[in-house]
Amino acid sequence: MFVGQRVRWCKDKHGRDYIGVNQNLAIDELEEIPLQRGEDSDKPCTPTMHTAYRSVLGQINWVQPRTQAQICYKFSRAASAAANPAVGNVRELNKLVRTIRADPLELRYWPLKGPDRRLGYPDASYRNNEDKSSQRAHVIFLAEERKANDQSGKLQREARSSKKFTQRENTPNAATAARGSLIDYESHKITTITMSTTVAELQALMHCYGSCLFLKGLLADMTGREIPIHIRTDANNLVTTAGTTHLPEQKETHHLIQMMRKESQSGSLQDLAHISSKYCLADALTKSSAPADEFVKAVETGDLPDVDIHPPFREMLQHKAFLTTWSIRTLKNPGTLVTVLGTNISAEIYSHFYCRVSASLQ
């Protein structure tokens, strides 16, 4: 036992080892707030009921940020009503207590093979809350690196050219999956003005990246290794915008987009790719309508589906010919170059120098 959390070595049904963390003792102590039937949902709480509401909310706040990641969104909405709750808010809080007690989540930390990476899933919902505010969330996994025989680009092209593309998107493939363990998560109301879904998604992505940077420094102090950062978002327009120089019409997004481009193209953000909403594991932490089944399954099994369905972001950067020309004119000993700004141009360098030499000798 460690500060109310039970940590133990376990085996799953397939015989795989993992470290399990639960708070079953604290969850068993959760109790609902007594309510009379037929009370109006809009009726303000009495002082006694308000005190009980804050007490139960505090109990949930002990388990939610440590193990019960699946109820992040509902807890965030309940906390937003803590200043002046109504009877309807008490009913929602009682429902949340029943949900936690009926199906508590155990965090599982799986052994990872080889070099690892931080894999972040940001997501946002635009004006989806009851008070018309927006919500942002992210989940971060410590995951294994991309498979050495990764054929994700080929799989994606075959999927798009196939008539069964819809079925392909709904069926995860082992070649594009990874193994990982949940290490960080959060769900918060966006307090700044958001004029569109793109702005909300941008804020969620940059907050996720900031948390990844914090974990990068923390793990570097602990292990002495720099672990790369990979981001997976269901907002495809952010991925395409990061690889272009076009500025959007919304001026309030310019500085966020410039920051995203700088981090992605400099190599600090090693990989940025699109993922379907079904496998965007932060989706359930931003809205009540999204089921948390895929997120819970990922935590319980350690399988992260379709995270590498696209080729690495830096391999898709355009204008390799320009990089080759610039490198030959500017850098010393360009014939020995392999990468420039994280982009592999070794084939272009070889073609420029050695093929030309071979042709002249012939």
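The values are calculated or read from the model by the stated rules, or taken from the named source; none is laboratory data. Note that the structure is a prediction, hence the values are computed from the model and not measured. Methodologically, a virtual Cβ is constructed for each residue, glycine included, from the backbone with ideal geometry; neighbour enumeration extends over all protein chains shown. When the accessible area is computed, the model is the full protein with side chains, heavy atoms only, and any ligands, DNA or RNA have been set aside. Shrake-Rupley method; radii C 1.70, N 1.55, O 1.52, S 1.80 Å.
Overall, the anisotropy analysis places the stretch 180-241 in the prolate class: the square-rooted eigenvalues a ≥ b ≥ c of its C-alpha gyration tensor yield a/c not less than 1.5, with a/b exceeding b/c. The solvent-accessible area of K95, taken with every protein chain present and a 1.4 Å probe, is close to 110 Å². Phi-derived couplings, Karplus 6.51 cos²θ - 1.76 cosθ + 1.60 at θ = phi - 60°, listed residue by residue for the stretch 212-218: 5, 5, 4, 5, 4, x, 5 Hz, with x used for Gly and Pro. For the stretch 1-139, rounded, prolate or oblate, judged on the Cα gyration tensor with a ≥ b ≥ c (square roots of eigenvalues), a/c < 1.5 rounded, else prolate if a/b > b/c? Because a/c hits 1.5 or more and a/b fails to exceed b/c, the stretch 1-139 counts as oblate. Per-residue accessible area (protein heavy atoms, 1.4 Å probe) orders H138, H188, H255 as H255, H188, H138, starting from the largest. 3J(HN,Hα) along the stretch 93-106, derived from phi through the Karplus expression 6.51 cos²θ - 1.76 cosθ + 1.60 where θ = phi - 60°, amounts to 5, 5, 5, 5, 4, 5, 5, 5, 5, 6, 9, x, 9, 9 Hz, with x in place of Gly and Pro. Along the axis of the charge dipole computed for the stretch 1-125 (Cβ charges of +1 for Lys and Arg, -1 for Asp and Glu, origin at the Cα centre), the listed residues H50, A83, V3 are led at the positive end by V3. If R0 equals 35 Å, the separation of the Cβ atoms of T325 and H254 corresponds to a calculated FRET efficiency of about 0.75. Working from label points 7 Å from Cα in the Cα-to-Cβ sense, the R261 to T51 distance is 5.8 nm.
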